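Take a look at the structure set out below.
What follows is calculated from the coordinates using simple rules that are stated; it is not laboratory data. Values in this document were obtained by computation on a predicted structure and should not be read as measured data. Don't worry about glycine lacking a Cβ; one is built from the backbone with ideal geometry, like all the others, and counts go over all protein chains shown.
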Amino acid sequence: MSQTATCITEPRTERSAHPGPALLAAFREKDRFLLTAHARPDGDAIGSLLGLWMLLKEMGKHAEMQLFDRVPMIYRTLPGSEHIRHANGLSGSYDAIVLLECDGVERSRIQGLSGNFLINIDHHTSGRDFADLNWIDVNASAVAEMIHRFALAAGLPITPPIATCLYTGLLSDTGSFCYERTRAETFALAKDLVEQGASPARIAQDVYFSNPASKMRLLGTALTTLQREGRIAWLWVTHTDMMRAGAVEEDCEGIVNYAIGISGVEVAVFLRELPDHRVRLSLRSKGKMHVAEVASRFGGGGHDNASGCTLEGPLYSAMDRILQELRRHLAVNVSSGSAG
Ligand code: 5GP
């Protein structure tokens with residue numbers, strides 16, 4: 001590791017909209033960075049990772065990117081994505097490891113991160129101060145928004161490739177500008193990124209209109225399982241369904257939206273049986289129901305309106321457990337006046 005002037009012994013946390021002096025100093029003073037994000041990366045994880053990587057290059061730093069999982073197909077056209085390494089262990093030595101969109105080192109699923117100097121940049125409601133430096137802004141609509149603020153604070157240029165990656169992150173984590181945290185500033189940022197070279201039409205083409213046929217086959221199967229009970233809707237796929245459709249994990253992204261899209265439904269769950277019979281859950285809500293709280297009861301996390309967790313199988317017992325929890329949560333936390 002190279003010698004740096006920053007000497008931080010106590011973990012520091014900045015819960016603010018803008019990066020604080022300690023975070024800016026760490027990026028200025030350290031030289032070798034490894035950037036990573038959570039496993040099963042979404043558009044914000046990939047867009048922010050690439051955006052920050054290019055910004056660090058602008059600063060003349062040595063920066064590498066590594067993810068546990070492959071880059072989903074729809075994000076492989078993003079500039080720089082071919083430089084993202086896909087591996088489960090740490091292989092080099094770095095002055096700092098930056099984790100994006102993670103509420104703990106384990107979310108990255110990369111082994112060997114602990115013991116290094118860690119920087120955590122996150123916007124999840126379930127965000128935690130697990131790193132040496134933590135910048136958490138739960139009001140940010142996407143980590144891409146925070147990376148943009150970092151660029152401005154550090155006086156770095158937003159080049160067209162950076163704008164493209166950050167726009168993709170913003171689009172993804174606002175649910176195409178639909179979620180609660182989408183505010184006037186979100187559109188101001190989108191406008192800024194488009195002016196810096198992001199092409200909304202081309203990005204939408206890549207993200208929404210370039211799906212593999214396996215994803216559509218899996219969606220068809222999932223929709224045949226759709227159930228509704230008042231304000232709750234759910235749907236699922238078994239591991240056999242996944243194999244029959246020739247589907248991979250990333251093909252599951254967005255399926256839950258078909259359930260939350262039903263009028264009067266306030267909370268929706270998509271369940272996917274894993275090869276080891278555990279069950280992955282994607283939760284979505286609209287209105288007052290906060291699904292991060294629900295997911296965290298099962299060791300998961302996320303945002304108020306989008307969260308996830310993994311439960312022990314079999315599938316039907318996982319379904320029972322989550323439905324019981326959702327019924328309880330709705331009864332306790334949401335006024336019956338909003339029932340659909
Ligand atoms: P998705 O349903 O798209 O997999 O996840 C929705 C949101 O919840 C994302 O922001 C994702 O990062 C978060 N999330 C999903 N699964 C987990 C989990 O197991 N742990 C935590 N902490 N967050 C999760």
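Put in line by how crowded their Cβ is, counting other Cβ atoms within 10 Å and starting with the fewest, E273, E325 read E325, E273.
The overall shape of the range 227-340 is prolate: from the C-alpha gyration tensor, with semi-axes ordered a ≥ b ≥ c, the ratio a/c is 1.5 or greater and a/b exceeds b/c. Highest mobility in the GNM of the chain, judged by mean-square fluctuation with C-alpha springs under 10 Å and restricted to N134, N120, N211, is found for N211.
Averaging the sequence gap over all C-alpha pairs within less than 8 Å and six or more residues apart, then dividing by the number of residues, gives the chain a relative contact order of 14 percent.
Each DSSP beta bridge with both residues in the range 191-290 is either parallel or antiparallel, and the antiparallel ones are about 60%. Counted by neighbouring Cβ atoms within 10 Å, the residues W234, W135 run from fewest to most as W234, W135.
Among Y167, Y316, sorting on how many other beta-carbon atoms sit within 10 Å of each Cβ, with the fewest leading, yields Y316, Y167. A Cβ-based charge dipole, computed about the Cα centre of the range 63-165 with Lys and Arg at +1 and Asp and Glu at -1, lands at about 280 debye. The slack between M59 and V248, meaning 0.36 nm per residue of separation minus the straight C-alpha distance, is 64.3 nm.
Since only T221, V332, L283 are under comparison, the one whose Cα sits farthest along the positive direction of the charge dipole of the chain, derived from C-beta charges on Lys, Arg, Asp and Glu, is T221. GNM on the chain, alpha-carbon springs under 10 angstrom: the most fluctuating residue among S93, S199, S141 is S93. Could you compute the FRET efficiency for Q324 and N211, with r as their C-beta to C-beta distance and R0 at 51 Å, rounded to 0.05? So the FRET efficiency works out to roughly 0.90.
Pairs of Lys residues in the chain, spaced 8 or more positions apart or belonging to different chains, with C-alpha separations under 28 angstrom: 5 in total. When a/c is below 1.5 the answer is rounded, else prolate if a/b is larger than b/c, else oblate, so apply that to the chain with a ≥ b ≥ c taken from the square roots of the Cα gyration tensor eigenvalues. It comes out prolate by the Cα gyration axes.
Would any residue of the range 274-295 have its amide N under 12 Å from a label point 7 Å out along Cα→Cβ of C178? List them or say none. Once the point is set 7 Å along Cα→Cβ of C178, 284-286 turn out to lie under 12 Å by backbone N, inside the range 274-295. The magnitude of the dipole of the range 4-207, with charges of +1 and -1 set on the Cβ of Lys/Arg and Asp/Glu and taken from the Cα centre, is near 280 debye.
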